[in-house]
Structures are given as structure tokens and as C-alpha cells.
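What follows is one structure encoded as C-alpha cells, with my remarks underneath.
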Amino acid sequence: MNDLTRPSFRAPEPGAVSRPPLLKLTAAEAFARRKSNPFGTWPLVDDPDNRFAPLAAPHCSPSFKLEPGQKIITIGSCFARNIEHELAARGFNIPMQTFVVDKREWARDPSEILNNYVPGAVAPQIRWAFGLETYDLARHAIEVAPGRFIDPYLAPASRPIPAQEILARRASLDALYRQLATSQAAVITLGYVEAWFDHKSGYYVNAPPPLAVLKSAPDRFELHVLDYDRVRASLEELFDLLDQVCPSDFHIILTVSPAPLHLTFTSDDIAVANTYSKSVLRAAAGEICARRANVEYFPSYESVTLSPRDAAYGSDQIHVTGQIVRFNIDRMLQQYLPSTGKETVTDVLTTVQELRAQGHHGSAFFMLKSAWSKNRNDPRLTVALARSYHTTGLTPLAEKMLSAPAIAMQNDVQAMLLLARIHIGKGQYQQAADLAEKIVATGKLAAQAALVQTEACYHLGRYEEGLASITNVAIDGVNSLNIALWKARILEKLDRFEEAEELFQQCNTEVESFEHLLAYAQFLVARGRRDDALQWLNRALKLRPRGARALRLRAQIALGEGARTDKTEGQKPRTGLRRLFGPRGS
């Protein structure tokens, strides 16, 4: 056990014996491991099982399990606060959530004042809590005005408070950290390597010193951009300390915060400074995890930084979105919570629906893809995942899944119907019509299949056939308006204008729909009734003010032109990650 009275950040002496490699294998062992590792190469972009699309989910293999209700200590940067909020919502006991602070000192979320960005600033607080050292107001706090102090081991921007309040607050923090002795696990998130060293205390602090202090004590603080050896040494000291004060079966999940440096004190571009900072932290975390059995790395940093920025970061490009935090917590818990091993396909699909109802769309997607990866020939999982791919703009992956021989041979009507709709979207109308006819022959999903067949026939110019396919089908409530819409379009092509208009009006009486309103406006423009068309078009634009087709039609009316028909008149699905994860920053 290392000496725990004072941390040592000295780099190895020149000529010192180097540490052994993290992993040493014979050539035969290395090739065997390479062959047995399904995650040892990058997936192809057109692989439906691509674990990096649409959101990155790097694989991890936990060595232990967590149980809801367990006490978990969360330490680290602002990403640690994101983690603790989500863990608390899942039923874990999170002591840091109980911390309170006077709003006169800190007006934001109380737990945010606990943010620790620098690895070396954590260990002193644990030492004080367990009586290994004594917190000394004169050495460890900073007096910024007569009788007014700040605690530099907390997050920056806290207001100065009297000495007695500093000491009282430190006592409550000591009580928090002492709960390490009765906790089952900790999640520790590393922030950055630009650290301020306090020569008075001999420790790294968690915040830049106030400018006023630099005038009164110009030599007290010094900026260090930490190198790998110093970061590794500070982590070794921290984990040695945790080994001493925590239970013997205590586990640590180590992460690196994906939130970048807000600013840099170096002359580097912020992107360059941030890359160095995260690279050093990630490398040190990798070595610590390799050498300590009770510490393991969870790749949330890789998940966020390898995902599209629109889904990963808010508008400030610093803070990560709530959706991707929930995605990573759910992904972590799916890995760390014990499995009953009895989850059926029905159980998976039910849980997926529940997650979506809670707004955990990314997590639902990950669960669905994980289940499909283990059973690619199940048509229900295939259709559910393919539908998610299709609605997020990854239609080629959906088509590849649905066209797989094992799925095609099962003649699953849901799979055929989704594939037919994909053909429609790609302009492959004959393939869509053939599949729809095949579905109709089964006697299942008749209304949906007839609708696809009618749309395909419309684009193929086979109007009589399209009308016949939709006329004899039993209309249900879900499809009635779309069936009426496409029947109206077919009748218009057959010059049966009065019947067509009656159906257009029917579509727009029962419900307000952009597509139905626009279709009726196009019909009216084609009949030369531009004033009537404008009324319906304005209603459509109220629903979708930036609807490109509606705006284009309004411009045509202003110019006195007839309506031009779009190649695809049906509603195009919203594509991209916002369809899956909601608005940016949600």
C-alpha cells in the first residue's frame, strides 16, 4: 500500500525501470484473441448491426453487476452530475443528490458545486473526510476579502462566505465522502488536465484562483498542464486511498467526460488543447483499468464523441444533450444490471415501447438492436429495428435487413409491407406493387397493402387498376383518410373531378393534415380555382410554416401558374437523428 499521508506527483526518475506492458501475449495468443473478438474491427457502414449508427455504442464487458437500490458515489466533472441524476431516477441511492447549499452562495443545482475537474483535487477531500489529514482554513481556503473565503476544491463561481460557513459546509462534505465506506460502487469521471497548483497547501485545486488573489499573493498559484505520468500518479494515489477507505468488494466505473474544455489557459486552439487533455486522461484511465481488478472503464466518452454532434451536444457545443446522457446510462445499466435470461421477444418489444413512452428513444433503439443481433432471423425484431432505421434516414440498412433470405423466406406480411413502402420511397413502384399484391393474397393487412398498391399504380399510370385495388377493401379508422386521399388522386387522373373533390373535402373535414390540405390545394389550382386553393394552402402553412412544397405552390399561384405535381406526392418521412432523439438538446 502506498503512503497515504501525502500524494506524490513526481514523474519517474530518468533511467528508472519501466512498467511492464498493459498486455503481453504470445503471437499465437494474440492471433487467437483477434479471431475470437467480434468487436476487434470497425463495422461496415452498410452493416445493420453497425454499433456506431445512428448513435455510437462501443462494446464493453462488465466484470460485476449492480443492483437498483445500491449506494453509488459519483465523483467528477459536470458529466458525473448528469450520470447521478439518471442513476437516481433509476432507483439507485446517490448520496451526492442529498447535498444542499445556500442559494446566496450557489444559485444553480446544488450538486453542481461538487464538480471535480482535476484528478489531483479529489484525494484531499477524501483524506479530510476520513481524518487522514485536517482541513486547515488558512492553508486550504482562499480569503478573497476580509473574513470572506472560497473553497477552491469545489466548482468555480461559488460566492465568498464567512469562515464558519466554509467550515460547516466542509463538515457536510466530509459526511458525504465518508459514505464511501458503506457504498457498493463509485462512478468517477475525469475532466481535464489544465490544473492550478496551490503552493500554500501543496495540492492541486479544482478552480482557477480569483484575480484579486493573484494581486495579493502572486506566487501562491501556478498553472500546470499535466503530463501523462502526473495524471497516472494522481489516479494511483486516489485509487490506493479508495482501497483503504471503501469496502473490500467496492467497484469503480471510470469514465472520461465528453464535455470539452470550456476555455484554455494555453496559447493553443481550444480544439488542440482539448484533444491533448482528453487523450492524456483516456490513456491514464486505460492503464489504471488494466492494472486494477476493481476498476473498469465504461466508454461513454467514445459514445458521445463518435456520435453525430447534432445528437451529442447542445447549442453551446460544450454540454452534452440529455438524450445522449440517458442513452449512455441506459446502455450502462443494460450491461451492469443482472439479466434473468428469460427475456422473450415479446418482453423486449414491450420494454422498447415503455422506453419510448418515457422519452428514452436512443435507449430503446440500443435494446432493440442488441436483441436483433442475437436473433437476426426473428421477423418481429427485424421489422421493429428496420422501421427504426427507416424513420431515422438509414433506409438502406432497413432494406438490407428486410431483403435478407432468412426473412424473405418467411413471407412475413409486416416485413413485406415495410419493404413495399421503402420501394415506394425509392421510386421502385413496380417492386412495391408486386409486394403489395402478394400481401393482399394472404388476406392480412389488406387495407395497408391496398393503399401501397394504389400509390404504386398511381405513379405507374395504372389508374383503373389502382382504383380497383382500393375500392373493394374494408376501410379501417387508421387508414380511412389516406385511402380517401389516394382514391381522390386516382379519380382526378380519371377526370372524375366531382367525385375526387368530394373525397378531398372529406379528407380535410375530419382532421387537419398538412398533406391532405396541400393535396386539395393542388387539385384546386389544377382546376383554375386559385382563390379557393389559397384558403386551403394557408391552412396547411399554419400547420407547417416552412413546408417547402406548400411555399412553392403559393409562389406558383402568385405567378399565375398551374400546380406542378411532385414526383412523390405522399408524405415523406422525417429523416435524421432528430426523428429518433427529438430536438437538439432535449
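How big is the dipole moment of segment 339-394 about its Cα centre under a simple scheme where the beta carbon of each Lys and Arg is +1, that of each Asp and Glu is -1, and everything else is neutral? Debye, nearest 20, please. It would help to have the intermediate numbers written out before the result.
Numbers: 7 positive and 4 negative charges, 31 e Å.
Result for segment 339-394 is approximately 140 debye, rounded to the nearest 20.
What is the order of Thr26, Thr255, fewest Cβ neighbours within 10 Å to most?
Thr26, Thr255
With a point put 7 Å past each Cα toward its Cβ, work out how far Ser267 is from Asp174 in nm, to one decimal.
Label at Ser267, label at Asp174, 4.6 nm between them.
How much FRET efficiency would the formula 1/(1 + (r/R0)^6) give for Thr98 and Ala404, where r is the Cβ-Cβ distance and R0 is 45 Å, rounded to 0.05?
0.30
Could you work out the relative contact order of segment 411-511, using alpha carbon pairs under 8 angstrom and six or more residues apart, expressed as a whole percent?
Averaging sequence separation for qualifying contacts and normalising by length gives 19 percent for segment 411-511.
In nm, to one decimal, how far is the modelled label at Asp49 from the one at Lys24, with both set 7 Å along Cα→Cβ?
Each label point lies 7 Å from its Cα, and together they span 3.5 nm.
With angles folded into 0 to 90 degrees, how steeply does helix 163-177 sit against the dominant principal axis of the chain? Use alpha carbons for both and round to 10.
70
As a test of the formula, what do you get for the chain when each DSSP H run with n ≥ 4 contributes -39,500 (n - 2.57) and the sum is divided by the residue count, at 222 nm and rounded to the nearest 500 deg cm²/dmol?
-15000 deg cm²/dmol
With an 8 Å Cα cut-off and a minimum separation of 6 or more residues, compute the relative contact order for segment 69-118 in percent.
Rounded, it is 45 percent for segment 69-118.
Give me log10 I(q)/I(0) at q = 0.10, 0.12, 0.14, 0.23 Å⁻¹ for segment 411-511, Debye formula, one equal scatterer per alpha-carbon, no solvent.
Relative scattering, expressed as log10 I(q)/I(0), comes to -0.25, -0.36, -0.48, -1.18.
Treating the angle as unsigned and between 0 and 90°, give the value, to the nearest 10°, between the Cα long axis of helix 413-425 and the longest Cα principal axis of the chain.
With rounding to tens, the tilt is 80 degrees.
Which angle between 0 and 90 degrees, to the nearest 10, do you get for helix 361-374 versus the longest principal axis of the chain when only C-alpha atoms count?
Approximately 80 degrees, to the nearest ten.
Could you give log10 I(q)/I(0) at q = 0.14, 0.24 Å⁻¹ for segment 339-394, computed by the Debye formula over C-alpha point scatterers of equal weight, without solvent?
-0.34, -0.98
Using the charge dipole of segment 166-325 (Lys, Arg: +1 at Cβ; Asp, Glu: -1 at Cβ; taken about the Cα centre), state which of Val272, His199, Ala168 has its Cα farthest towards the positive end.
Result: Ala168, furthest along the dipole toward the positive end.
Of all beta bridges DSSP finds with both residues in the chain, what is the antiparallel percent, to the nearest 5?
Of all bridge pairs located within the chain, approximately 50 percent are antiparallel.
Can you compute the charge dipole magnitude of the chain about its Cα centre, using +1 on each Lys and Arg Cβ and -1 on each Asp and Glu Cβ, nothing else charged? Give it in debye, rounded to the nearest 20.
Here the size comes out at about 460 debye.
Quick note: the coordinates plus some simple rules give every number you see, no bench work behind them. Computed from a predicted model, the values in this text were never measured in an experiment. Cβ atoms come from the backbone with ideal geometry, glycine included; neighbour counts cover every protein chain shown.
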